[in-house]
Amino acid sequence: METENQKKLLQDVFGESSSSDSDTYPEFNSVSSSSSSLNPNPNWVRIESINGLLLCTDFLSSTDQASLLSAIYAEGWFTEESHNQAMRFGDLPSWAVKLSDHIYKAVCFGSKEMDMRELSSDNDVCILPLRLLQRNPLFDQLIINVYQPGEGICAHVDLMRFEDGIAIVSLESACVMHFTPVECDEKEVSLAMKVPVHLTPGSLVIMWGDARYKWKHEINRKPGFQVWQGLEIEQRKRTSVTLRKLCEEPVELT
Ligand SMILES: O=C(O)CCC(=O)C(=O)O
């Protein structure tokens, strides 16, 4: 019965077929004249060793990446090189609302491929549990980070003032994000103990459950840390968009 309800819910979300208006990617800015198609079969990769960590490798086409970047830079937040972070809370810019909508649909399309029984609860098969996917708004906090070559972000767990279910979209260039269990002492942990995830431009990471609460994530762009499949990644400027939802009240971990 529960499965039928969930199936109906997902059908309500995007209809019986994938040929509805949800096939069209909204443009991220009004300047862009072209629109591209929403990928009805997004490539979702589950990071096996970390429950609740999922990567959509083909979330945004190159056209949509360019359109999103131009919408971000049109905000005027990054007029000087020293400006490397912008945050917004509450009502988000329209392009960020569209991006949230894309995330919602990419999760739904990915979930559609899965056995509906798997969507019922907080298990490690979900892309995002329905209780998180259904909240309204899905996200109400935004951070844009701009990294120059060599710059990264220290290992951290996102603040408890944010709910479970965090999304990160990568733009411009690739990097390796490393995940380390929270209980590991950062001074003692070796690179070999970290789980690397390759974030390519246009990819989307979803973190929930263990991935959000029990693992720290970091981007270390010092020489020797940006290695993927044996090769050091050539470093260029990278921009990321992180979307989160503020808690009504901060939650304590038990
Ligand atoms: O830039 C990224 O990909 C990660 C950003 C992040 O972890 C943060 O802003 O808390």
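The values are calculated or read from the model by the stated rules, or taken from the named source; none is laboratory data. Just so it is clear, the model here is predicted, and its values are computed rather than measured. Cβ placement follows ideal geometry from the backbone for every residue including glycine, while neighbour counts extend to all protein chains displayed.
Annotations for the structure displayed:
- One residue from Val197, Val241 being more than 17 Å from Gln85 (Cβ to Cβ), within 16 Å of the ligand (Cβ to nearest atom) and not in a loop (DSSP other than H, G, I, E, B): Val197
- Boolean, His217 is under 20 Å from Leu60 (Cβ atoms) and either of a type in the set (Asp, Glu) or within 15 Å of the ligand (Cβ to nearest atom) (or both): no
- Search result, residues across segment 38-89 that are under 19 Å from Pro129 (Cα atoms) and among the acidic types (Asp, Glu): Glu48
- Residue in segment 181-200 that is closer than 18 Å to Leu53 by Cβ and hydroxyl-bearing (Ser, Thr, Tyr) present: yes
- In segment 143-180, of all residues being surrounded by fewer than 15 Cβ atoms within 10 Å (Cβ to Cβ) and part of a strand (DSSP E or B), the one that is farthest from the ligand (Cβ to nearest atom) corresponds to Cys154.
- Unmet criterion (only one of (1) modelled with pLDDT of 95 or more; (2) among the aliphatic types (A, V, I, L, M); (3) loosely packed, with under 13 Cβ neighbours inside 10 Å) for Leu199: (3)
- Residue identified as away from the ligand (no atom under 15 Å from the Cβ), out of contact with any helix residue (DSSP H, G or I) (no Cβ under 8 Å at 6 or more places or on another chain) and modelled with pLDDT of 95 or more among Asp140, Asp185: Asp140
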